[in-house]
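For reference, the structure is listed below as structure tokens.
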Amino acid sequence: MEELFLEEDRFQKHLNDNHYTLIAPVDLNLFEPFIKTINEIAPSSFFGSIDDALKNREAVRIAIQNFPPQTEYKVYVIISMGGMMLHATLEEYCERHNIQYP
């Protein structure tokens, strides 16, 4: 798991404005429940957003601990646009944005 957090750190320099990374389950059926779990765990404030919750690395770590141990994870890029959230794998993001990585 730590390798995924390291990869997430290494990829930060390739992100466009308002895009961010998230470690989440490979199984897309678990993606939404995972996001809901993070949102419930992350400290909230009156002006907080789902993006703030998903950027909270400690909440992500706790959510991972709450999911079955056999769950596989990968790093995704989250693109948030006016209340709509899209996600892509690092590979998809690199291809769309002509990024050479690693």
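The values are calculated or read from the model by the stated rules, or taken from the named source; none is laboratory data. Owing to the predicted nature of the structure, the values given are computational and were not obtained by experimental measurement. All Cβ positions, even for glycine, are placed from backbone atoms using ideal geometry, and neighbour counts span all protein chains on display. Ligands, DNA and RNA are excluded from the accessible area calculation, which covers all protein heavy atoms including side chains. Shrake-Rupley method; radii C 1.70, N 1.55, O 1.52, S 1.80 Å.
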Quick one: accessible surface of residue 5, probe radius 1.4 Å, all protein chains present, in square angstrom to the nearest 10. 10 Å²
25 Å Cα-Cα reach of residue 36 towards lysines, excluding residues that sit fewer than 8 places from it in its own chain: 55, 74
At residue 44 and residue 58, where each label point lies 7 Å from the Cα along Cα→Cβ, what is the point-to-point distance in nanometres? 1.8 nm
In order through the stretch 21-37: 3J(HN,Hα) via Karplus (6.51 cos²θ - 1.76 cosθ + 1.60), integer Hz, x for Gly, Pro: 9, 8, 8, 8, x, 5, 5, 5, 5, 9, 4, 5, x, 5, 4, 4, 4
Longest to shortest principal axis, alpha-carbon extents of the stretch 43-94, angstrom: 35, 29, 14
Roughly to the nearest percent, how much of the accessible area of the chain is carbon and sulfur, given a 1.4 Å probe? 50 percent
What size of dipole, in debye to the nearest 20, comes out for the chain about its Cα centre when the only charges are +1 on Lys and Arg C-beta atoms and -1 on Asp and Glu C-beta atoms? 160 debye
Theoretical gain in end-to-end length, residue 20 to residue 92 [0.36 nm per residue, Cα-Cα removed]: 24.5 nm
Top of 75, 60, 26 by mean-square fluctuation, Gaussian network on the chain, Cα under 10 Å: 26
Rounded, prolate or oblate, given the Cα gyration tensor of the stretch 1-42, with a/c below 1.5 counting as rounded? prolate
Å² of accessible area per residue within the stretch 29-102, as computed with a 1.4 Å probe and no ligands counted: 67 Å²
Between (1) 6.7; (2) 7.6; (3) 7.2, which matches mean projected area of the Cα convex hull in nm² calculated for the structure shown? (1)
Kindly write out, for the stretch 81-91 in residue order, the coupling ³J(HN,Hα) from the Karplus curve 6.51 cos²θ - 1.76 cosθ + 1.60 (θ = phi - 60°), rounded to whole Hz, with x marking Gly and Pro. 9, x, x, 9, 10, 10, 9, 8, 6, 4, 4
Label point distance in nm, residue 4-residue 29, each placed 7 Å from Cα along Cα→Cβ: 1.8 nm
Given the options 23, 62, 78, which has the most mean-square fluctuation in a GNM of the chain, springs set between C-alpha atoms less than 10 angstrom apart? 62
